[in-house]
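Presented below is the structure to which this report refers.
The values are calculated or read from the model by the stated rules, or taken from the named source; none is laboratory data. A quick note: this is a predicted structure, and the numbers were derived from the prediction, not measured. Cβ placement follows ideal geometry from the backbone for every residue including glycine, while neighbour counts extend to all protein chains displayed. Side chains included, ligands, DNA and RNA excluded: accessible areas come from the protein's heavy atoms. Shrake-Rupley method; radii C 1.70, N 1.55, O 1.52, S 1.80 Å.
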Amino acid sequence: MTKHTQPETMQFQTEVNQLLNLMIHSLYSNREIFLRELISNASDALDKRRFEGLTDSVLIEGQGNPEIDIAFDKAAKTLTISDNGIGMTREEVIDNIGTIAKSGTKAFLERLEADQKNASQLIGQFGVGFYSAFIVAHEIELITRKAGTDESSATIWTSKGEGEFTLAETTKEKAGTTITLHMREDDLDLLNEWSIKEIVKKYSDHIAYPIMMAVEKPIMPKEGEENSELKTERVIEQINSAESLWQRDRSDIKDEEYEAFYKELTHDFSAPLSWSHNRVEGNTSYTSLLYIPSVAPQGLWDQEVKYGIDLYVQRVFIMAGSDKLVPRYLRFIKGIVDTQDLPLNISREILQNSKTIDTIRQGLTRRSLTMLESLSNDAEKYAKFWGQFGRVLKEGLGEDHSNREKIAGLLRFASTVTDEESVSLKAYKERMAEGQDKIYYITADSLNTAKNSPHLEIFKSKGIEVLLMTDVIDDWMTGFLHEFDGTEMVNVAKGDVDLGDKAEDQEAEKAVTEEEVKLVERMKEVLGERVENVKISKRLTDSASVLVRNEHALSGHFEKMLREAGHDVPSMKPWLEINPKHPLLVMLDKTSDAELSSDIAMLVYEEALLLEGAQLDNPSEFVARLNRLMNRK
Ligand code: ADP
Ligand code: MG
């Protein structure tokens, strides 16, 4: 049996203590998840051994069948979970169990404190599964031997989960890990065949390795034998189906099974919005099972982002969340792809330059976009999707030129018709006004600024819908979106207004009077270098003025944002359009007072700045001008 050296006592990292306390209290109603976590760790360890064994066969020597064993002992009040996976060295035990090395852990603790209701979901997302065993155990003993090391170099770790753990050397006959839980009195009810089987079925049925459990079965007395004492025998049973869901026939799989598989795969406890299961046969054959989650995961916006599709080769797990399988803007798609057309010992370099991977990537991209198209037929579900992932999808316009039209079709915007981001470009086109031949939009830093922009006045008066774009990424995005389905997309705050109504344009041109020309000259004189030009506006009906940029300039708020982020942005001056019918300009027209003229001209300009959400260079001068104007009699 095991030979222990003098154990060494070590302290848990403070965060571990906090975590343990919180976990034990907030997760008790979900206590059975501990088994899912330990089984999933065992399965990971088996994956690793298989994968590393492909290139280093020493690691799989003497392994036997990869499997997970569960045993319970009512008398000893223990539950034991063993695997013949990769195992750990002493250093690895210290690093993995006892510290929380992962960067997300602090955030996890904060979230857990704030949101104890969803604790079990958080546990999965943050991967702090091992410690969940303390929910049901008052003491844990873990014996592990790393594959490729010898019998006497095993490690035993024990802890009561109260601030410290002990470590000692020991021996272990086979490589792998055995975890013994000394169950709390309140949890002894779990130590029976029925409960354990039920938990395994519920959470771990699809684990790719057999989960075996020794159970006592009564031996039926033979006929004629005296039935004095009931004898039992130990029988080892496989208690999970260990079958890869994606290998089965679509028509045999129930929705609940797809959902359960999703939860197991992602540790996301909310049901997916949709999935798509397909087998592709051809030069490159593969099976894929893709999901659209309903909730954005932690870290979706991190620089080093996690992708969601796992790669399998001939049902052997190769790599989690590979960034080679879909473009970055589809990083939120979860699922698996399994192919026979790659070597099992595939290296990162091969993945990098593989034609097979390219083909699969194209296929999965198309499949994902089609899946989103189908989802968009369900307005409610699609709104959910859009709220969580719309912004990620927009990145695709810049990233994936070959699918631009498809991606554009999936976009949703607010508009002058609805505040909700629910208007597709297709729906917009379908209800375009008579004679309208362009898709109009405006970008701003908030819905309010967008809705109240003077740029919209002429459109409102003519009953033309304008899309309201308020996402920081929209200005960048529209740089890739010049047209949709043959119809030009036009930013109403840039360039001259063109409502596609030629006759009216000419009339407006003619209508510029001599007084108006003078008005423009007086404005220019006061504003000088502040603006590129001053023009009589065709787009204003109510406001006094509006700033307009040329088609190639950045929009005002985007330029501001880039500046604030420290970028050196070349300044392209806007021009100012004025509404000669507005009282301020009527007043300017009538007066010959120099101070008053200059005050009005400046105010007209400053109002335009304020209306686009910009800040004034000198607010106190603005206030002084305003007061002078009001006090004038
Ligand atoms: P996660 O599984 O998300 O990494 P856990 O808390 O469940 O987080 O496990 C922490 C680490 O401990 C694992 O990443 C792994 O390195 C190690 N570990 C846990 N259980 C085993 C096991 N049965 N065999 C080998 N290593 C294990
Ligand atoms: Mg784990």
Scope the range 205-232; condition more than 30 Å from Glu281 (Cα to Cα) and open to solvent by less than 90 Å² (accessible area, probe 1.4 Å); matching residues: Ile211, Met212, Met213, Ala214, Val215, Lys217, Pro218, Ile219, Pro221, Gly224, Thr232
If I ask for residues that are within 12 Å of ligand 1 (Cβ to nearest atom) and among the aromatic types (Phe, Trp, Tyr), which ones from the range 31-54 would you list? Phe34
Being more than 19 Å from Pro66 (Cβ to Cβ) and surrounded by fewer than 19 Cβ atoms within 10 Å (Cβ to Cβ) is the filter here, so list the residues in the range 296-319 that pass it. Ala296, Pro297, Gln298, Gly299, Leu300, Trp301, Asp302, Gln303, Glu304, Val305, Lys306
When residues of the range 72-81 are filtered for being open to solvent by less than 40 Å² (accessible area, probe 1.4 Å) and away from ligand 2 (no atom under 16 Å from the Cβ), how many remain? 3
Given Val392, Val472, which one is of a type in the set (Val, Ile, Thr) and more than 29 Å from Ala608 (Cβ to Cβ)? Val392
Among the residues that make up the range 426-445, is at least one of them open to solvent by 60 Å² or more (accessible area, probe 1.4 Å) and in contact with a His (Cβ under 9 Å, 6 or more places away or on another chain)? yes
Could you grab the pairs with beta carbons closer than 7 Å, sequence gap of 6+ or different chains, first residue in the range 345-363 and at pLDDT 80 or above, second one among the charged types (D, E, K, R)? Thr356/Asp341; Ile357/Lys324; Arg361/Lys324
Among the candidates Ile253, Ile239, which residue alone is within 24 Å of Thr78 (Cβ to Cβ) and either touching a residue at least 60 places away in the same chain (Cβ under 8 Å) or in the same structural domain as Leu364 (by TED's automatic domain parsing) (or both)? Ile239
Within the range 506-617, which helices (runs of 4 or more DSSP H) (wholly inside it) include 3 or more residues that are of a type in the set (D, E, K, R) and in contact with an Asp or Glu (Cβ under 9 Å, 6 or more places away or on another chain)? 514-527
Over the range 67-92, the set of residues within 10 Å of ligand 1 (Cβ to nearest atom) and modelled with pLDDT under 95 is Glu92
Whichever residue in the range 479-511 is of a type in the set (A, V, I, L, M, F, W, C) and loosely packed, with under 15 Cβ neighbours inside 10 Å and, among such residues, is modelled with the lowest pLDDT: Ala503
Testing Gln116 on (1) of a type outside the set (Phe, Trp, Tyr); (2) at pLDDT below 90; (3) surrounded by 17 or more Cβ atoms within 10 Å (Cβ to Cβ); (4) away from ligand 1 (no atom under 12 Å from the Cβ), one condition comes back false. Which one is that? (3)
Residue satisfying condition, being in contact with a strand residue (DSSP E or B) (Cβ under 6 Å, 6 or more places away or on another chain) and among the hydrophobic types (A, V, I, L, M, F, W, C), within set Leu38, Leu27, Leu20: Leu38
